[in-house]
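> This is the structure I have questions about; it appears just below.
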Amino acid sequence: MRPADLSHHVSQWFDGSGPGAEIVISSRIRLARNLGGYEFLTCLSAEKQARLLEELKEAILSLDLGEKVFYVDVSESSPLEQDMLVERHLISRRHAGGKGPRGAIIAPSESFTAMINEEDHLRVQVFKTGLQLKECWRQIDNIDSEIEKKVQYAFDANYGYLTACPTNLGTGIRVSVMLHLPALKMTGQIDKFFNAARDTDLMVRGLFGEGTDAVGDFFQLSNQVTLGVSEEQIVEEFSNSIVPKITQFEAMARQTLLTQQADALDDKIQRALGVLRSARLISSQEALFLLSHVRMGINLGRVNGISLDAVNELFMLTQPAHLQLNSGQTLDPDHRDAMRAKIIRSRLCRN
């Protein structure tokens with residue numbers, strides 16, 4: 001299986017079928033690990049990086065992960081394939097643009113991925129649709145234990161798992177949820193979300209992670225503290241306290257729009273639909289922004305005849321690398337904007 005084989009369909013974790021997926025798009029847990037006997041990646045020679053890559057690749061591919069995973073040589077993949085994997089959240093932008101031997105092991109369902117030779121020697125991720133952090137934790141904890149039977153992790157009795165970045169010391173866990181919060185944005189309450197996150201030592205990022213803006217009213221919320229607290233505590237707090245409170249605020253904001261600002265809400269949704277159904281050129285950022293309003297309209301029962309599946313598909317398949325891979329050609333920005341507009345018109349006018 002090649003990376004390009006993934007580009008024709010939506011990731012399972014993005015299909016909108018999970019618990020609370022109207023607001024919580026997906027759940028993800030990532031573990032950062034390094035192997036004992038090796039320096040951190042920035043200090044490793046290319047020869048040692050290659051040796052480390054083979055050791056981890058062999059260990060992970062030998063595991064029974066419930067489905068037949070496949071290996072991607074990221075260093076040998078084309079720039080478009082690398083970008084497509086970033087768009088699907090399967091590897092990081094850092095991993096795609098890195099140097100030296102590096103690879104990824106991916107489950108066809110995209111519920112599991114392992115990045116080898118990213119910032120740390122190994123970063124393992126598990127994804128699920130909706131709010132399913134506890135299920136993610138059970139799965140990744142089992143995978144992590146099985147990997148540890150094959151290799152020796154760098155671990156210190158005082159500092160826990162040793163990581164390249166001190167902020168990941170301890171558990172090495174990053175718990176995150178992708179949230180769709182258009183109503184908080186429309187009602188002018190989104191700053192409350194940012195302030196609450198800052199006050200509770202949480203990190204808010206954009207749709208594509210670190211260093212990206214919150215395009216299309218999508219936000220990634222994750223923990224920052226990994227030392228002095230257990231994995232179970234972090235998962236429990238996110239699942240039972242932090243995320244339910246945010247979803248409650250968004251649900252209340254949506255209800256406010258329905259009861260007090262229905263005309264403004266419908267105007268924004270219908271304007272978005274009008275542009276999407278008629279535009280001849282549309283950028284990736286504008287498409288995400290307008291599709292966000294349509295998605296909210298579907299969830300609130302203000303849009304008929306368009307399925308949530310269709311909108312989710314457009315979110316992902318109109319990203320730049322997806323467009324180009326699926327068209328079989330490299331396109332300049334203007335031609336990408338034209339193709340994106342054509343695909344959106346065709347899909348939304350057909351439904």
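The values are calculated or read from the model by the stated rules, or taken from the named source; none is laboratory data. All of these numbers come straight from a predicted model, not from anything done at the bench. Every residue, glycine among them, receives a Cβ derived from its backbone with ideal geometry; neighbour counts consider all protein chains shown.
> Could you say which residue among A287, A279 is aliphatic (A, V, I, L, M), in the same structural domain as Q319 (by TED's automatic domain parsing) and surrounded by fewer than 21 Cβ atoms within 10 Å (Cβ to Cβ)? Walk me through it before giving the result.
On the way: A287 fails: surrounded by fewer than 21 Cβ atoms within 10 Å (Cβ to Cβ).
Of A287, A279, the one residue that is aliphatic (A, V, I, L, M), in the same structural domain as Q319 (by TED's automatic domain parsing) and surrounded by fewer than 21 Cβ atoms within 10 Å (Cβ to Cβ) is A279.
> Something else: In segment 217-228, is there at least one residue being aromatic (F, W, Y), in a helix (DSSP H, G or I) and crowded, with 17+ Cβ neighbours inside 10 Å?
No, segment 217-228 contains no residue that is aromatic (F, W, Y), in a helix (DSSP H, G or I) and crowded, with 17+ Cβ neighbours inside 10 Å.
> Same structure again: So which residues in segment 164-216 are in contact with a Phe, Trp or Tyr (Cβ under 8 Å, 6 or more places away or on another chain), modelled with pLDDT of 85 or more and over 16 Å from A32 (Cα atoms)?
Passing the criteria: V177, M178, L179, H180, L181, L184, Q189, V204.
> Right, here's the next one. Restrict the check to segment 140-153 and report whether at least one residue is part of a loop (DSSP other than H, G, I, E, B), surrounded by fewer than 21 Cβ atoms within 10 Å (Cβ to Cβ), at pLDDT 95 or above and in contact with a strand residue (DSSP E or B) (Cβ under 9 Å, 6 or more places away or on another chain).
yes
> State yes or no: is L122 under 26 Å from V24 (Cβ atoms), modelled with pLDDT of 95 or more and surrounded by 21 or more Cβ atoms within 10 Å (Cβ to Cβ)?
no
> Please enumerate the residues belonging to segment 7-40 that are in a helix (DSSP H, G or I) and crowded, with 20+ Cβ neighbours inside 10 Å. Break it down into steps so the answer makes sense when it comes.
Pass one, segment 7-40, residues in a helix (DSSP H, G or I): 12-14.
Result: W13, F14.
> Quickly run through segment 269-285 and pick out the residues that are at pLDDT 95 or above and either assigned to a helix (DSSP H, G or I) or aromatic (F, W, Y) (or both).
I269, Q270, R271, A272, L273, G274, V275, L276, R277, S278
> Oh, and also: Across segment 309-351, what is the number of residues that are under 18 Å from V86 (Cβ atoms), in a helix (DSSP H, G or I) and more than 23 Å from the chain's Cα centre (by Cα)?
Adding up the residues that qualify gives 1.
> Follow-up. Say whether the condition of being out of contact with any Pro (no Cβ under 6 Å at 6 or more places or on another chain), farther than 30 Å from Q132 by Cβ and touching a residue at least 60 places away in the same chain (Cβ under 8 Å) is met by at least one residue in segment 296-304.
Of all residues in segment 296-304, those out of contact with any Pro (no Cβ under 6 Å at 6 or more places or on another chain) come to 297-304.
Of the ones still in play, those that are also farther than 30 Å from Q132 by Cβ are none.
Checked segment 296-304: no residue is out of contact with any Pro (no Cβ under 6 Å at 6 or more places or on another chain), farther than 30 Å from Q132 by Cβ and touching a residue at least 60 places away in the same chain (Cβ under 8 Å).
> Can you say whether Q139 is under 23 Å from V225 (Cβ atoms) and touching a Pro at 6+ places or on another chain (Cβ under 8 Å), as far as the supplied structure shows? Show your work before the answer.
Values: under 23 Å from V225 (Cβ atoms): yes; touching a Pro at 6+ places or on another chain (Cβ under 8 Å): no.
Considered against the rule, which asks whether it is under 23 Å from V225 (Cβ atoms) and touching a Pro at 6+ places or on another chain (Cβ under 8 Å), Q139 comes out as no.
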